[in-house]
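The block underneath contains the structure these notes are about, expressed in structure tokens.
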Amino acid sequence: VSICKSLMAFGMAEYDDACKWDVETVHVLQFIMMIPDNDGYLGSVAEYIEENRTLDRWSKHPRQLADFGNYLGFDRKMKEFWETAPAAKKRRYFPVHLWWVLTSILPLRATEFLLLPGDCVRTEDDKFFLTVRRTKLKKTGSRHGYTIAKDYSLHEYEIPQELADEIAAYKKAVGKNLKHDKDTLFLPGEKTRLGYLTYDQMKRLLRGFCEEVMGDGDYPINIGDTRHLAMINLILSGGSPVICRELAGHESIDISSNYYANLSTVVESAAYEAYYMGRNE
């Protein structure tokens, strides 16, 4: 009964209230993903609900990440797969590959990553720049206009040529199929009225990759993890709290400080990984 009442209340909630839902969280998330061909904003709501576990009144309870050895193992398998995979497999799992390579460095939200523009790379003076859509919600807490153009602003970040070349290779591989309903880089996982790769489709694609490559469909990794890994990486690299806040799109430095909770585990896992891999570092 309590679950049904929670879902009914959730259905009546405004967007910004739904994003901070903290009652029967697991059931609400499962319910959202069960809705067929659901509205694109439900993916954004689901992502924010998951992220809110480290925000506001839950700030004293940082997101529980998997053991960092799992992330190091995933990185190792991803590199091995990408070196030997046939073209068809690379085309299928390119969103997973780019998600791992890009968002573990640049802390994009999952929906920001999925809405990468189709023409997202430009060259200037032998440098390569990636255009991404960043949500405007980070400053206001509410929707501006319920369209991609009004709810997101364009930002550029310099990227290495290797990454630019991989994006170009993906666009060439999908060819004319890339021209779908929305101006986004990735082809939808299946034909829907939304016209782009949705949050739910991306989650299923990641599960499929884990089952095929990692040998475990329940491998402990989630789409939202890389945003946190990117923040931890930035902190370990000497990034200031202000830079961390700006890149993550947080409203305050206090929110970004939650990421310090996992630092000791990261360092310990990296040290063990180096030892077991025979690097002696």
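The values are calculated or read from the model by the stated rules, or taken from the named source; none is laboratory data. The shown structure was predicted, so the numbers you read here are calculated from the model rather than taken from an experiment. We work out accessible area using only protein heavy atoms, side chains counted, and drop any ligands, DNA or RNA first. Shrake-Rupley method; radii C 1.70, N 1.55, O 1.52, S 1.80 Å.
Only protein heavy atoms count here; on that basis, with a 1.4 Å probe, Asp218 has an accessible area of about 130 Å². Accessible surface of Asp17, taken over heavy atoms with a 1.4 Å probe and every protein chain present, rounds to 90 Å².
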